[in-house]
Amino acid sequence: MDSRNKDRASAVIIKGNSILLIHRINDGREYYILPGGGVEDGESIMEALSREIKEETGLNIEIDKKICEYNNNERNRIEHVFMINKFKGYLNLGGPEIERSSDDNIYNLEWHNIGNLKKINFFPDQIINKIEEACRC
């Protein structure tokens, strides 16, 4: 039996020179992540990405291309990262993130300049260069 956790799909959602991030403040730790989530049983990675982005952000996305995938050894899973240049809808936090929100567990959707990823506590920092390369195309 595979002891690996479910794969995760995440999105680099671009608007001009900005990238959509989830600003997390959790038990005093502050960091930024890409929106996305786990792949459910019977679901493709792209189906999971579309579902997760709709749940978390309220956006309907059009997937452009896969940027990269990497091993998240801390979570024991493969992370798949996709570029999104086209989307529709109104930005609105939803899904489990809104249900888990509290004074010491905060989720905020924020647009940030792509060039500032190295200046903020972005996780995982090992994919910053891949994101910057993909956004130059």
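Students often forget the sequence filter, so: which lysines lie under 24 Å Cα-Cα from K88 once same-chain residues fewer than 8 apart are removed?
In chain and number order, the partners are K15, K54, K65, K66.
Over all directions, how big on average is the projection of the convex hull of the alpha-carbon atoms in the range 64-115, in square nanometres?
Averaged projected area of the range 64-115's Cα convex hull equals 5.8 nm².
May I ask you to list the trypsin sites (Lys or Arg not before Pro) in the range 45-137 that are in a DSSP loop and have at most 16 other Cβ atoms within 10 Å of their Cβ?
R75, R136
Using every alpha carbon pair in the range 14-71, what percent of pairs falls into each 10 Å bin from 0 up to the bin containing the largest distance?
18, 48, 29, 4
What GluC sites (Glu not before Pro) does the range 72-119 have in DSSP loop regions with at most 10 other beta carbons within 10 Å?
E74
Whole number please: convex hull volume per residue of the Cα set in the chain, in Å³?
Roughly 115 Å³ of hull volume per residue.
Apply the Karplus curve 6.51 cos²θ - 1.76 cosθ + 1.60, θ = phi - 60°, to the phi angles in the range 73-80 and return the couplings in whole Hz, x for Gly and Pro.
With the stated coefficients, the range 73-80 comes to 5, 4, 9, 6, 8, 8, 10, 10 Hz.
Please list 3J(HN,Hα) in residue order for the range 17-28, calculated via the Karplus relation 6.51 cos²θ - 1.76 cosθ + 1.60 where θ = phi - 60°; whole Hz, with x for glycine and proline.
So the J values, rounded to whole Hz, are 9, 10, 10, 7, 10, 9, 7, 10, 10, 9, 6, x.
Can you run phi through the Karplus equation (6.51, -1.76, 1.60; θ = phi - 60°) for the range 49-57 and list ³J(HN,Hα) in whole Hz, with x for Gly and Pro?
Each residue of the range 49-57 in turn: 4, 4, 5, 4, 5, 4, 4, 7, 10 Hz.
Computed from the coordinates by the stated procedures, all read-outs in this text should not be read as laboratory data. As the structure is a prediction and not an experimental result, all values here were calculated from the model. A quick note on method: Cβ atoms are made from the backbone with ideal geometry, for glycine too, and the neighbour counts reach across all protein chains shown.
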